[in-house]
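The structure under discussion appears below in the form of structure tokens.
The values are calculated or read from the model by the stated rules, or taken from the named source; none is laboratory data. Just so we're clear, the structure is a prediction, and the values are computed from it rather than from any experiment. Cβ placement follows ideal geometry from the backbone for every residue including glycine, while neighbour counts extend to all protein chains displayed.
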Ligand code: 5GP
Ligand code: MG
Ligand code: MG
């Protein structure tokens, strides 16, 4: 695989993200929501660097039906916590078309949030199909399919401590193993 961002670059990016979020909210209590599963690793690193009092919750969104192409978005809010009158920060791994964050910020407003902002580690240089843009973001990356640091291909590679682009042979091997 080809490494796009190594461990120390990711570390520095999360540090920057936390500093921006801290300086925006100050000591105001924040309800921080992880968009599972891709934001799992980022989320754990990020919330420990934020200084304000926090409520923490998760919501699950998926649009990659077992592959690399984005499909229909499904949201599972069963594990959501109460956000009524709360300042909410949605955390996702990557902003691509923008449909995920757009849908979820709409949902948070429907649930009665006082304010909704979003933070992502990665922002893809591509055609976004929504007007919303993430309020906080650490890195701009080219329009390539990336894995590691929480991001998967067929549920693999989330555990890698770096961000990488898979070689064609690794893609084939992973797809073949997923079928067996
Ligand atoms: P969007 O809704 O903005 O198009 O896509 C956001 C979601 O798609 C992310 O939460 C992530 O799960 C997935 N995604 C987008 N680009 C990539 C990518 O390059 N690699 C992986 N593994 N997932 C991606
Ligand atoms: Mg996701
Ligand atoms: Mg995925």
Return yes or no: is residue 44 touching a residue at least 12 places away in the same chain (Cβ under 8 Å), away from ligand 3 (no atom under 16 Å from the Cβ) and out of contact with any strand residue (DSSP E or B) (no Cβ under 8 Å at 6 or more places or on another chain)? no
Any residue that is surrounded by fewer than 19 Cβ atoms within 10 Å (Cβ to Cβ), over 23 Å from residue 49 (Cβ atoms) and away from ligand 2 (no atom under 16 Å from the Cβ) - is there at least one of those in the range 91-103? no
Quick check on the range 127-137. Is at least one of its residues at pLDDT 95 or above and outside any loop (DSSP other than H, G, I, E, B)? yes
Among (1) more than 10 Å from ligand 1 (Cβ to nearest atom); (2) in contact (Cβ under 8 Å) with a residue 24 or more places away in the chain, where does residue 78 come up short? (2)
Name every residue in the range 125-142 that is more than 12 Å from residue 4 (Cα to Cα) and in contact with a strand residue (DSSP E or B) (Cβ under 7 Å, 6 or more places away or on another chain), in order of residue number. 125, 134, 135, 136, 137, 138
Enumeration of residues in the range 1-24 that are in contact (Cβ under 8 Å) with a residue 60 or more places away in the chain and crowded, with 18+ Cβ neighbours inside 10 Å: 4, 5, 10, 13, 14, 17, 21
Residue list for the range 146-160, restricted to those being touching a strand residue (DSSP E or B) at 6+ places or on another chain (Cβ under 7 Å) and part of a loop (DSSP other than H, G, I, E, B): 149, 150, 157, 158, 160
Scope the range 40-58; condition over 17 Å from residue 15 (Cβ atoms) and within 16 Å of ligand 1 (Cβ to nearest atom); matching residues: 40, 58
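Go through the residues of the range 107-114 one by one and say whether even a single one is in contact with a helix residue (DSSP H, G or I) (Cβ under 7 Å, 6 or more places away or on another chain), more than 20 Å from residue 12 (Cα to Cα) and touching a residue at least 12 places away in the same chain (Cβ under 8 Å). Explain how you work it out, then say what you get.
Filtering the range 107-114 down to residues in contact with a helix residue (DSSP H, G or I) (Cβ under 7 Å, 6 or more places away or on another chain) leaves none.
No: zero hits.
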Among the residues listed as 126, 174, the single one being more than 10 Å from ligand 1 (Cβ to nearest atom) and surrounded by 11 or more Cβ atoms within 10 Å (Cβ to Cβ): 174
